[in-house]
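First up is the structure itself, then whatever we jot down about it.
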Amino acid sequence: MSQTPIELDTVGADITTEDVKRARDRQRVQINRTWKGRGRSFRLLWLLIGPGILVMVGENDGPSMISYATTGATYGIGFFLPFIALTFAMAFVVQEMTVRLGAATKRGHAELIYTRFGRFWGFFAMADLVIGNLLTLVTEFIAVRAGLGFFGVPPALAVLGAFLVVVAAVLTRRYWTWERIVLSFAAFNLVFVPVAILAHPVSSQVVRAFFTWGPLPGGVTAGFVLLIMSNIGATVTPWMLFFQQSAVVDKGLTTADIRQGRIDTALGAVLAATAAIATVLATTPLFLHHITASNFQGADFAQALIPYVGQVGATLFAIGIFEAGLVAALTISSSSAYAFGEVTGRSHSLNSSLREGWPFYAVLVTAAGIAAILVLIPNAPLVFIVLIVNVIATLAMPPAIVFLLLLVNDHEIMGKHANGRLSNIFGITVTVLLVLAGILFGITTIFPHLLPS
């Protein structure tokens, strides 16, 4: 993939290290397709899952989990449970399109923007993503520091350890290995489920919330609007488009694999939504006991929950915050590197050798390194930063979806895999909802007197 991004054809391109590694992975998939034994479908899915689960669970990052924790502590069981489920349904609608785009075009998101809309928009999309990702990466390392801080790990050691994990995963120089390493970390996102069980939520209230979308204590306030934006930004963000499409390409998925790609994405959405809702339920005892979470950091939430979920529950909560930051640091840093390589025409694959892909790896490690250093600045207001980062992500999403819809409706590059009427209706609906959320946030920011404080 060292060719310039302007060309959509690769005829005559030199065979690279990444081509050889990807061909080996595809050979395993092809062998499984022709295998007639029992469990064939499951084995095939196992080989092809990864990008969808990683993008969804990766978006359950440090800022997201702290946003959900703040939501539970502020509003308890009610409106936000079905709302969070809705945001993950929106995320599936958006991310399913990236699966088809990557499988049909064999090109990453930034590369397609460069190719179809020109040099300016290609570099604009890349720069916008890299800057936004850097801001988000800072919060991921803050989450790592906060989670490990519960166990008494010094901030510098926690951040350095997480950074070294990012570097070690990259040094495998093998997409398959990197993916499975990150998936193993991502599994710990579900530790929020036992914490929620230990919080003993009233099941009838949980069920009622999904059917009635209530209650909403205090009504619509400025704080409620901020959490609405934050929870949307905790689920649907621009980096997800770039990461999943590039990962689909790096993994070598073809149009024959689109069905498994959809299942992968749906499974990721269900797992991530489960963990997110569990986090709200886990912190509901703070709401019930009128404990304000406005100044809490990740470790503070875990510490405050000890009387209600016990030491075991608090320990699991802290581990979950750490895991959320670490997985996101691994995935978000790679999305920046993918976009850089795709727009500049450099090698952009986790299958690349160090010699062929050193600019790709340099961007990935540098982005993580800068964020890690910035995190060590003392007295960072964690909750405020993570909420604002999620709000920024929400405001940046509508333009990103417009590009996505234009690409996925381009029959020249998509052929029969272009969007149908129903997909466009869903995609446009998601865009309109995000725009309306942005307008609501803008109005309440400019005219705060319109809502109670």
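Laboratory data are not the source of any read-out in this text; all were calculated from the coordinates shown. Note that this is a predicted model, so its numbers are computed, not measured. Cβ coordinates were reconstructed from backbone atoms using ideal geometry, including for glycine residues, and neighbour counts include every protein chain displayed.
Note: relative contact order over the range 54-450, using C-alpha pairs below 8 Å and six or more positions apart, is 37 percent.
Were the residues from Ser204 through Ile131 laid out at 0.36 nm apart, the gain over their Cα-Cα distance would be 21.9 nm. When the alpha-carbon atoms of the range 95-183 are used, the pair Rg, Dmax equals 17.3, 51 angstrom.
Pairs of Cα atoms nearer than 8 Å and 6+ residues apart set the relative contact order; for the range 229-346 it is 35 percent. Whats the longest run of the chain with zero chymotrypsin sites (Phe, Trp or Tyr not before Pro) that are DSSP loop and have at most 15 other Cβ atoms within 10 Å? Value returned for the longest uninterrupted segment is 214-453. Just to be sure I understand the model, the point goes 7 Å from the Cα along the line to the Cβ. What's the resulting Arg355 to Leu436 distance in nm? A separation of 5.7 nm, rounded to one decimal place.
From helices alone, the chain scores -25500 deg cm²/dmol at 222 nm; the rule is -39500 (n - 2.57) for each run of n ≥ 4 DSSP H residues, then divide by the residue total. Compared with the dominant Cα axis of the chain, that is its longest principal axis, helix 80-105 is turned about 10°. For the chain, the dipole from Cβ point charges (+1 on Lys and Arg, -1 on Asp and Glu) about the Cα centre works out to 1220 debye, to the nearest 20.
Rg and Dmax of the range 22-100, based on Cα coordinates, read 18.2, 54 Å. On the principal axes of its alpha-carbon atoms, the range 240-289 has extents of 52, 19, 12 Å, going from largest to smallest.
Sorted fewest first by neighbouring Cβ atoms within 10 angstrom, Leu198, Leu148 come out as Leu198, Leu148.
Remark: C-alpha extents of the chain on the principal axes read 67, 49, 47 Å, sorted largest to smallest. For the range 189-258, the spread of Cα positions along the three principal axes, ordered from largest to smallest, is 48, 31, 22 Å. Across all Cα pairs in the range 234-335, the calculated P(r) in 5 Å bins from zero up to the longest distance comes to 2, 10, 16, 20, 16, 12, 9, 7, 5, 2, 0 percent per bin. If one computes the Cα centroid of the range 302-355 and of the range 200-219, what distance in Å separates the two points? Answer, in whole Å: 31.
If you take the alpha carbon atoms of the range 129-228 and fit the smallest convex hull around them, that volume is 198 Å³ per residue. As a ratio to 2.2 N^0.38 Å, the alpha-carbon radius of gyration computed for the range 320-377 takes the value 1.21. To the nearest ten degrees, helix 382-408 and the longest principal axis of the Cα atoms of the chain are 40 degrees apart.
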